[in-house]
1. Give me the pairs: first residue in segment 80-95 and in contact (Cβ under 8 Å) with a residue 12 or more places away in the chain, second residue of a type outside the set (A, V, I, L, M, F, W, C) and part of a helix (DSSP H, G or I), beta-carbon distance under 7 Å, and six or more apart or on different chains, which are they?
2. Looking for something at pLDDT 90 or above and farther than 24 Å from K16 by Cα - is there at least one such residue anywhere in segment 58-70?
3. With the requirement that a residue be modelled with pLDDT of 80 or more and among the hydroxyl-bearing types (S, T, Y), what does segment 1-21 give you?
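The values are calculated or read from the model by the stated rules, or taken from the named source; none is laboratory data. Note that the structure is a prediction, hence the values are computed from the model and not measured. Every residue, glycine as well, gets a Cβ built from its backbone with ideal geometry; the counts of neighbours run over all protein chains shown.
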Amino acid sequence: MLSLLSFSQSQEDTLKMIEQTYGEQWDFCTCVVKNDSINKVFTTRNLTDEEFDKIIVRSEQIEQRCKAFLIINKVNTPEERLIHIQRVKVCLENEE
């Protein structure tokens with residue numbers, strides 16, 4: 001489950017509303033790793049229609065559990081993008 005320790009009160013309230021709508025949210029690194037896995041499957045395999053459909057369903061399930069990061073952690077400035085890129089890199093390195 002997502003930790004609320006580093007969130008402001010406004011972010012905590014937003015997270016609660018997101019969880020009421022989409023269910024429990026995963027932490028940032030879990031979302032990064034799962035989305036990376038989905039992207040690798042799409043780009044490295046010649047999927048059958050059946051496989052493609054299964055991956056799409058799984059992708060939608062992941063998206064539901066990662067809504068908080070899409071809504072709360074917007075990356076708008078070049079500085080925010082650099083921080084985001086570094087966080088993603090750390091998550092993927094720790095997964096290997």
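1. Short answer, once both residue conditions are applied: L92/D36.
2. Checked against the condition, which is being at pLDDT 90 or above and farther than 24 Å from K16 by Cα, segment 58-70 yields no hits at all.
3. S10, T14, T21
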